[in-house]
Amino acid sequence: TGNGFAWYAGTLNGGSAGLTNQGLLRVVANSGSYRSLSGLLVNSGTLVHYNDWVYFNGATLQNTGTLELQAGTLRHNTGTNLIQNTGTLRKTTTSGFTISVSTTNSGRIEVLSGTLSITNLTQTDGETRIHRGATLSSSNAVQLQGGKLTGAGALNAPLNNSAGAIAPGIDDPDHPNLNPLGILTIQGNLTLGADAVLEVELAGTNNSDPANPQYDRLIVGQSGYTRTLQLGGTLRVKGRDGYVPNPGDAFDIVVRSGSWNRSGSFARVEVDPDTLPCIVFEVRYLSDRVRLVASTPSADINRDGCVDDADLLAVLFAFGQTGNGLPEDTNCDGVVDDADLLAVLFAFGQGC
């Protein structure tokens, strides 16, 4: 459809060959009407769902263009149904929208306003972006198998992050008005697998204004409920706007809402060498939060106030490791080597 098509009622059947929209397709309410989709529908143009329902009866919707959802429902009815998004799926308006059709994403899902409910969502690449004040919800666990989950809104669902990245805030050079720092809420259980990443950026220590935080934060849980937080994978830390933390600066990067059962820890902490040169972070797993505390490298590797055998062993066990932000890399040259071992030996006994 090159010049636009308004779908008020009736059945669209793309069959196995498929029906392609290259222009504008509008779903518009019509009292007493019934819309049914079957076969293959490819949207490479713009499809705007203003309101009302579309029933999927053995249908696949492939979105390579823009799918704008304002109000209404894309409903699983009969047969095997699927929505494949490799373009942009965008939820606008404050009204709610429900997708009860299984959905996969390797493009971009944007929840600008209101609540978007997706019964089954799996992301393999791309981005799911939840803007401040908006909510993405699901009755099943969202599967983050690749790409990123970003924003400053809320995910009202369990999240299984097996190989994706959670990155609060929206860092988009094409939209500089969006805040790259954010407070993102996961209201359900959260699992971070071995290949998962949590990315946080730091531009200060003050998060008293939720609309303009100075560093990224992840809130897990919901008031009045008990959630499960399983930590693992990689914590990736980056500075922003020229900010370099002072020793002792603290950042509560994961905070609970309600109560939680927390287990595990981050297997790796990666510090960006370009924005946070020669900065080391201690990760403290407290009862109600996970806190980062900044410091500079020291011969007292474990920060217990005494340079002793424990610090010597720490360097020996880390010997040969490379990277930025390693506490055993006392001279900040990116590798744990003889120089770091000598630094501990020369300082041995200090503070004890």
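The values are calculated or read from the model by the stated rules, or taken from the named source; none is laboratory data. Note that the structure is predicted; figures quoted are calculated from it, not measured. All Cβ positions, even for glycine, are placed from backbone atoms using ideal geometry, and neighbour counts span all protein chains on display.
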Considering only region 320-335, I want to know if a residue exists there that is part of a helix (DSSP H, G or I) and free of Cβ contacts under 8 Å to residues at least 12 places away in the same chain.
no
Residue that is surrounded by the fewest Cβ atoms within 10 Å (Cβ to Cβ) [pool: residues in region 139-194 that are acidic (Asp, Glu) and either at pLDDT 95 or above or within 20 Å of ALA211 (Cβ to Cβ) (or both)]
ASP172
Filtering region 242-256 for residues that are under 18 Å from the mean Cα position of the chain (by Cα) and either on the phi > 0 side of the Ramachandran plot or not aliphatic (A, V, I, L, M) (or both) leaves a count of 2
Hey, VAL101 hits all of (1) assigned to a strand (DSSP E or B); (2) surrounded by 16 or more Cβ atoms within 10 Å (Cβ to Cβ) but one; which does it fall short on?
(1)
Cβ pairs under 6 Å, 6+ apart, first in region 7-30 and over 23 Å from ASN51 (Cβ atoms), second surrounded by 15 or more Cβ atoms within 10 Å (Cβ to Cβ) and not hydroxyl-bearing (Ser, Thr, Tyr)
GLY15/GLY39; GLY18/LEU40; GLY18/VAL42; THR20/VAL42; GLN22/GLY45
Give the residue that is farthest from VAL237 (Cα to Cα), with candidates limited to residues of region 299-334 that are crowded, with 18+ Cβ neighbours inside 10 Å and touching a strand residue (DSSP E or B) at 6+ places or on another chain (Cβ under 9 Å).
ASP329
Considering VAL220, VAL200, which residue is under 23 Å from ALA250 (Cα atoms), buried (at least 19 other Cβ atoms within 10 Å of the Cβ), touching a Ser or Thr at 6+ places or on another chain (Cβ under 8 Å) and not charged (D, E, K, R)?
VAL220
The strands (runs of 3 or more DSSP E) lying entirely within region 170-212 that contain at least 1 residues which are of a type outside the set (Lys, Arg), over 14 Å from the mean Cα position of the chain (by Cα) and within 19 Å of ALA294 (Cβ to Cβ) are 197-202
List pairs: first in region 284-298 and over 20 Å from GLY204 (Cα atoms), second modelled with pLDDT of 95 or more, Cβ under 6 Å, 6+ apart or cross-chain?
ASP288/ARG256
VAL283 vs. criteria surrounded by 18 or more Cβ atoms within 10 Å (Cβ to Cβ) and not acidic (Asp, Glu):
no
Restricting region 225-248 to residues that are part of a strand (DSSP E or B) and among the aliphatic types (A, V, I, L, M), which is surrounded by the most Cβ atoms within 10 Å (Cβ to Cβ)?
VAL237
Take GLY10 and tell me if it is surrounded by fewer than 17 Cβ atoms within 10 Å (Cβ to Cβ) and out of contact with any helix residue (DSSP H, G or I) (no Cβ under 8 Å at 6 or more places or on another chain).
yes
Of those in region 28-62 that are among the aromatic types (Phe, Trp, Tyr) and part of a strand (DSSP E or B), the residue surrounded by the fewest Cβ atoms within 10 Å (Cβ to Cβ) is TRP53
Go through region 105-138 and report how many residues are in a strand (DSSP E or B), over 15 Å from the mean Cα position of the chain (by Cα) and surrounded by fewer than 19 Cβ atoms within 10 Å (Cβ to Cβ).
1
Criterion first (in contact (Cβ under 8 Å) with a residue 40 or more places away in the chain, among the polar types (S, T, N, Q) and touching a Leu at 6+ places or on another chain (Cβ under 9 Å)) does THR185 satisfy it?
yes
